[in-house]
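The values are calculated or read from the model by the stated rules, or taken from the named source; none is laboratory data. Computed from a predicted structure; not experimentally measured. Cβ placement follows ideal geometry from the backbone for every residue including glycine, while neighbour counts extend to all protein chains displayed.
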Amino acid sequence: MLRVDMDRLQVRREPVPPEYERLGGRALIAGIMLAEVPPQCDPLGPDNKLIFAPGLLGGTGVSSSGRLSVGGKSPLTWGVKEANCGGNGGSDLARLGVKALVVEGQPAPEKLYLLHISGTTAELLPADDWRGLGTYATAAKARERWGSGCTVISIGQAGEYRMGAAGVSCTGHKEQDSRLAARGGLGALMGSKGLKAIVLDASGTQSLPLADPELFRSSARRFAQELVESPKTGRKGAMHLYGTAAIVAAVNEMGAFPTRNFREGRFEEADNPTGQKIRETGSARGGPMGARACSCRNCPSRSNASEIAGPMLAGSRPHSPLTCAANTGATSVSVNSRESNSDMDDLPIAWCAFSAGRNDVSARIRRSLHPHSVAGKRFCRVSLPDLITRRRCPGGELDDAAGVTVGE
């Protein structure tokens with residue numbers, strides 16, 4: 001286990017306690033929180049802990065085993081929270097021999113740091129000049145310094161200013177610059193720790209030791225083949241062709257499709273943000289992504305370089321248009337994707353936790369959260385998105401809240 005003490009700015013390795021040896025991911029996070037985090041603590045205070053944990057099979061290459069769990073006491077709900085993301089973070093942490101990364105304490109006010117972990121070292125470095133960067137720019141800056149092969153786990157402006165829907169972003173394979181641990185405001189928790197980014201350099205690390213390598217590999221191949229041949233996850237299945245958006249119609253019929261800031265469970269325009277519609281729109285628009293898809297790098301459903309496992313619309317992930325459409329009452333998949341996804345991923349904000357009642361709300365929020373508005377001064381125009389996230393802006397109040405500008 002790797003512990004990062006933000007009070008003393010120290011990083012130390014310690015052996016894994018026996019009770020944690022057979023735990024990974026969210027189970028390990030729950031165990032650490034139960035033992036170490038006071039239930040009544042302030043989620044953004046020094047007693048809360050931010051925990052990163054790969055799964056038990058992380059780093060082995062088994063399909064779907066590379067996800068990264070991120071946890072702590074939620075700044076949004078004040079409950080136990082685990083969010084998880086794709087990308088290379090889980091696999092790289094495991095390959096670096098880290099079963100859990102526990103960030104505790106807080107640095108001096110207004111100080112910002114990044115954590116660099118390689119096969120030989122783990123150190124905290126000053127990152128005050130990284131302040132105000134979105135996650136895309138943060139990843140680019142890290143790659144300039146440590147090479148294109150590094151993995152970057154980071155927060156954007158939303159996390160720095162501890163917004164209730166702030167997520168944690170993780171880079172992945174090739175064009176995957178933004179895989180989000182989106183739920184619960186854990187980006188705000190990372191911001192409260194003064195931690196801008198974690199940079200992982202797993203180059204040169206050895207494969208994880210296996211008790212029976214041949215049995216393990218044959219079992220992994222059989223599991224991958226079953227996924228490929230499945231009518232749901234296989235290359236002709238709905239999850240492969242349409243991704244998460246394949247479930248829109250069923251969820252809407254059940255009355256469980258969050259609509260207009262969760263005031264309703266059915267969306268009258270649910271035919272628009274379906275996986276089929278998103279794929280059709282992407283194909284018709286063309287562009288650099290077209291109807292291309294995106295998956296974790298070890299997904300067995302990927303058939304070639306341009307068709308992987310779930311559709312992307314000009315760079316958007318299916319979660320964004322399908323969730324944003326109903327929550328904002330917007331009916332255009334194209335507008336939702338184009339005007340919301342890249343900006344919300346860069347901040348990043350969780351669309352699944354964040355909603356509104358107006359079609360043009362994403363443009364208003366984008367203007368109030370533009371990186372240039374935070375350059376050289378304290379970021380203050382966060383009232384509207386935070387109100388919406390915390391469900392305090394359900395309908396007509398949005399017009400009033402949208403015009404709020406908080407003075408410096």
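Residues in segment 161-201 that are over 20 Å from K73 (Cβ atoms), at pLDDT 90 or above, more than 15 Å from the chain's Cα centre (by Cα) and of a type outside the set (V, I, T): 2 in all.
In segment 149-169, the condition of being of a type outside the set (G, A, S), part of a helix (DSSP H, G or I), buried (at least 21 other Cβ atoms within 10 Å of the Cβ) and touching a residue at least 40 places away in the same chain (Cβ under 8 Å) is met by at least one residue.
So is W146 surrounded by 15 or more Cβ atoms within 10 Å (Cβ to Cβ), in the same structural domain as S63 (by TED's automatic domain parsing) and over 30 Å from S74 (Cα atoms) or not? For W146, the condition - surrounded by 15 or more Cβ atoms within 10 Å (Cβ to Cβ), in the same structural domain as S63 (by TED's automatic domain parsing) and over 30 Å from S74 (Cα atoms) - is met.
Conditions tested, residue by residue: (1) buried (at least 22 other Cβ atoms within 10 Å of the Cβ); (2) among the basic types (K, R); (3) more than 17 Å from A166 (Cβ to Cβ).
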position: A53; (1), (2), (3): yes, no, yes
position: L57; (1), (2), (3): no, no, yes
position: G72; (1), (2), (3): yes, no, no
position: P75; (1), (2), (3): yes, no, no
position: L93; (1), (2), (3): yes, no, yes
position: Q106; (1), (2), (3): no, no, no
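Selection over segment 210-264 of residues that are under 27 Å from L57 (Cβ atoms), without any contact (Cβ under 8 Å) to a residue 60 or more places away in the chain and in a helix (DSSP H, G or I) gives a count of 13. For segment 277-295, a residue qualifies if it is modelled with pLDDT of 75 or more and under 30 Å from N88 (Cβ atoms), and the qualifying residues are I278, R279, T281, S283.
Select from segment 170-199 the residues that are part of a helix (DSSP H, G or I) and over 15 Å from E82 (Cα atoms) and list them in ascending order.
Within segment 170-199, G191, S192 meet the criteria.
Does any residue of segment 202-211 turn out to be at pLDDT 90 or above, surrounded by fewer than 23 Cβ atoms within 10 Å (Cβ to Cβ) and in contact with a Leu (Cβ under 8 Å, 6 or more places away or on another chain)? Taking every residue of segment 202-211 in turn, at least one turns out to be at pLDDT 90 or above, surrounded by fewer than 23 Cβ atoms within 10 Å (Cβ to Cβ) and in contact with a Leu (Cβ under 8 Å, 6 or more places away or on another chain).
If you go through segment 113-148, how many residues are in a loop (DSSP other than H, G, I, E, B) and touching a Leu at 6+ places or on another chain (Cβ under 9 Å)? So the answer is 5.
Please go through segment 241-266 and pick out each residue that is over 20 Å from E280 (Cβ atoms) and at pLDDT below 85. Matches in segment 241-266: P258, T259, R260, N261, F262, R263. Within segment 2-36, the residues that satisfy the criterion of being in a loop (DSSP other than H, G, I, E, B) and either surrounded by 19 or more Cβ atoms within 10 Å (Cβ to Cβ) or touching a helix residue (DSSP H, G or I) at 6+ places or on another chain (Cβ under 8 Å) (or both) are M6, L23, G24. Of all residues in segment 235-276, those satisfying the criterion of being among the basic types (K, R) and more than 30 Å from A224 (Cβ to Cβ) are R260, R263, R266.
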